[in-house]
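Coordinate-derived values only; no laboratory data. Because the structure is a prediction, the values reported are computed rather than measured. Glycine also receives a Cβ, built like all others from the backbone with ideal geometry; neighbour counts cover every protein chain displayed.
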Amino acid sequence: MFLNDTCAVEVTDLTKAFGSFTAVDHVSFVVEPGEIFGFLGPNGAGKTTTIRMLTGLLLPTSGDGCVAGLDILEDTEELKQRIGYMSQLFSLYGDLTVEENIAFFAGLYGVTGERLERRRAWVRAMTGIDEKSGGQLTSELPLGWKQRLALGCAVLHEPRILFLDEPTSGVDPVARRNFWELIYTLADGGTTVLVSTHYMEEAEYCHRLALMNRGKLIALDTPKAIKALMTEPLLEIRTAHGPAVAQALQGQPGVTEAAMFGRAVHVAVENAQAAAVALPAFLAARGLDVQAVTPVRPSLEDVFVALVRREGGAVAG
Amino acid sequence: MKGAAISIRALTRKFRELTAVDALTLEVKPGALFGLVGPDGAGKTTTLRMLAGVLPPTSGDALVAGVSVAEDPEGVKQHIAYMSQRFGLYHDLTVRENIEFYADLYAVPKAERPARLERLYHFSSLGPFEHRLAGQLSGGMKQKLSLCCALVHHPEILLLDEPTFGVDPISRRDLWLILHEMVAEGTTVFVTTAYMDEAERCDQVALLHHGRIVALDAPEALQRGYPGEVLAVRVSDRRAAAKVLATAPGVRRAAVFGDTIHVTLGARSADWPAAERALTQAGIEVLETSEAQPSMEDVFIEAVGR
């Protein structure tokens, strides 16, 4: 049991078992204050279970950790108060007005008096929703405003840790960028941001990523460094027959992975030079002509798939 | 209009003062993979619900497999399968029981069921889990099961509402393989998505913004028609670079895209050196510059901006 005032997130051998099933298997990592830290992994990898232990919603089976200076075994109630949480699907009450939502979250987090006035003014400035519009029903707000308001309510109590669950998938590209600019500003101010997402575009915004599979941490580094972990060369095939090409190449000798990527096909191979010659010939023999075969840098999605496959594939079911 | 799988004409839906879908007009050829693309709130789900015959239009109409959704919504249902975003599976029924339930619902002849089940299990990899409760499946598996339930009766037209929302990248690839197979077999697939990269693999896309179509064409055509040149620029500090480029001379737009910045210029040779100077003057290192195709995101932002 250690109380560390500078600790943002620090877990050691974190483990959670449900009966004979080990959902989280001796996971250890440190998140620095002000870091934007992303959790990636296939469904069933143990991401959600890990996060629930970090936010005081679930007790570990073994291991320990501290979050925002609090012990995750002993201080779960206080921990819940010190964290901000924002989810794409569930954050605000649609049938309350803007002001009512702010008041609700203020009550929930115990933000009162002069502090509440200060924070209310901050939320108004950040969202652009002025005092006059405060009486609008939240469900009738444009999506971009709703997003910013949800974020404002999640940090009304100035938490040191903010947890975001898939915050911008489904959001238009411009609003997404503006939203992440807000997150960067919060992080610059010392808020530690934990993000859980399946959306690789979002993962690229994080300072570091933790990739989990089958309960274990299989990679932990910056997005750039994680991409360097994929050792197989990657070829991009431009063709008018994307789906057929991807199907035809799967399971072929020398091919570790073949999948559509936009309209092109990304093929992870054992030997780039050999494949650049062999694959077009193989495909031509099947009546599938290709326009170009070029080596490309792997995207985060390519690396995600490669690393999970290397670690035995995702947990089925 | 003849021969279209789906023919939408001035389809409109209002909710009190809000016009969720505004005079939508488009055609989907039989056997096409059509994407209705746009962010949350654009009107995708509302459009799909009208096409499925579960929500009446306020005005306008759509012919789905030749049947009018305004006049004969029940008649539409025989020709389609509809996979909605968050509702459709019975969590306390097993995988097999869910599929059997939908087979009953769509009146699939009993004699054909064993073969269809086999086929569905094969491409979804759900066979080993046929006796697992649907509520105990992971997100990606649930989506695959929803898709199986939708496909059990071999619909002519498949209507899918954001089938890969919240699904991990591996399951997402699996789901798209299934969709491509359906298209190869001649099913018309109409899918809504907010993921711009998925938009790219459709035969045709309609970009939707606030209930209106802002672009309608094949993705390649939209990318070719994008005004201006696009450079993919790798820098030492993306965030700072985006700020500098936002006001740099000759730069029409600069958007973070993956780990690069997509910079849209008027004419490359004229405009890039000046913008590059602005970056280096701000202390940002330019690591790599290459010509790039505009992404569907670039296309969308441009179409909305117009």
What are the residues whose amide H is under 5 Å from the amide H of A:ILE36, where those residues sit 5 or more places off or on another chain and H is modelled from the backbone? A:VAL193, A:HIS207, A:ARG208
Simple spin-label estimate for B:GLU130 and A:ARG297 in nanometres, 7 Å along Cα-Cβ: 4.8 nm
Springs between alpha-carbon atoms under 10 Å, Gaussian network over chain B: tell me which of B:VAL230, B:VAL244, B:VAL189 tops the mean-square fluctuations. B:VAL244
For segment A:166-176, 3J(HN,Hα) per residue [Karplus equation, 6.51 cos²θ - 1.76 cosθ + 1.60, θ = phi - 60°, Hz, x = Gly/Pro]: 6, x, 10, 6, x, 9, 5, x, 6, 4, 5
When the Kirkwood radius is taken over all Cα pairs of segment A:231-297, what Stokes-Einstein diffusion coefficient follows at 4 °C and 1.567 mPa s, in µm²/s? 114 µm²/s
Assertion target for B:MET196, B:MET83, ordered by fewest C-beta neighbours within 10 angstrom first, is B:MET83, B:MET196
Could you please report the charge total around A:ASP64, scoring K, R as +1 and D, E as -1 over all other residues with beta-carbon less than 10 angstrom from its beta-carbon? -4
DSSP loop trypsin sites (Lys or Arg not before Pro) in segment A:191-223 with at most 14 other Cβ atoms within 10 Å of their Cβ, which ones? none
Per residue, how big is the convex hull around the C-alpha atoms of the protein assembly as shown? Give it to me in cubic angstrom, could you? 171 Å³
How high is the relative contact order of segment B:6-222, given as a whole-number percent (alpha carbon pairs under 8 Å, six or more residues apart)? 30 percent
Sum of side-chain charges, B:ASP61 neighbourhood, beta-carbon under 10 Å (Lys, Arg +1; Asp, Glu -1): 0
Under the rule of at least 5 residues apart or a separate chain, name every residue whose amide H is placed under 5 Å from the amide H of B:LEU55. B:MET50
Find the Rg to Rh ratio for segment B:27-151, where Rh is the Kirkwood radius over alpha-carbon pairs and Rg uses the same atoms. 1.00
Note, ³J(HN,Hα) from phi for segment A:53-58, Karplus 6.51, -1.76, 1.60, rounded to Hz, x at Gly and Pro: 6, 6, 9, x, 8, 8
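What does the average come to when, for each residue of peptide B:136-144, you count the partner chain Cβ atoms lying within 10 Å of its Cβ?
3
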Straight-distance crosslink candidates among lysines, where the alpha carbon sits under 18 Å from A:LYS132 and sequence neighbours closer than 8 are dropped: A:LYS146
Over what distance in Å are the Cα centres of segment A:117-160 and segment A:208-262 separated? 40 Å
By how many degrees, 0 to 90 and rounded to 10, does the Cα axis of helix B:296-305 deviate from the longest principal axis of chain B? 80 degrees
For chain B, longest principal axis from Cα atoms; helix B:268-281 axis from its Cα atoms; angle between them, nearest 10 degrees, is 80 degrees
With Cβ to Cβ distances under 9 Å as the rule, what net charge do the other residues near B:TYR195 carry (K, R +1; D, E -1)? -3
Just checking the output field for B:248-258: average partner chain Cβ neighbours within 10 Å of each residue's Cβ? 2
Length-normalised contact order of chain A in % [C-alpha pairs under 8 Å, at least 6 apart]: 20 percent
Just to be sure I follow the rule: in chain B, considering lysines 8 or more places apart or on different chains, how many pairs have Cα atoms under 28 Å apart? 17
Hits among aspartates and glutamates - C-alpha to C-alpha of A:LYS16 under 15 Å, sequence gap 8 or more where chains match: A:ASP25, A:ASP64
If A:GLU257, B:GLU17 are placed from fewest to most neighbouring beta carbons inside 10 Å, the sequence is B:GLU17, A:GLU257
List every residue whose amide H lies under 5 Å from the amide H of A:THR256, counting only residues 5 or more places away in sequence or on a different chain, with H placed 1.01 Å from N in the peptide plane. A:ALA268, A:VAL269, A:GLU270
Choice from B:PHE15, B:PHE101, B:PHE129 showing the highest fluctuation, given a GNM over chain B with Cα pairs closer than 10 Å: B:PHE15
Helical mean residue ellipticity (222 nm; -39500 (n - 2.57) per DSSP H run of 4+; nearest 500) of the protein assembly as shown: -10000 deg cm²/dmol
Starting from 0 in steps of 10 Å, tell me what percent of the Cα-Cα pairs of chain A lands in each bin. 6, 23, 27, 22, 14, 7, 2, 0
Checking A:ALA210, A:ALA45, A:ALA259 against a Gaussian network model of chain A (alpha-carbon springs below 10 Å), the top fluctuating residue turns out to be A:ALA259
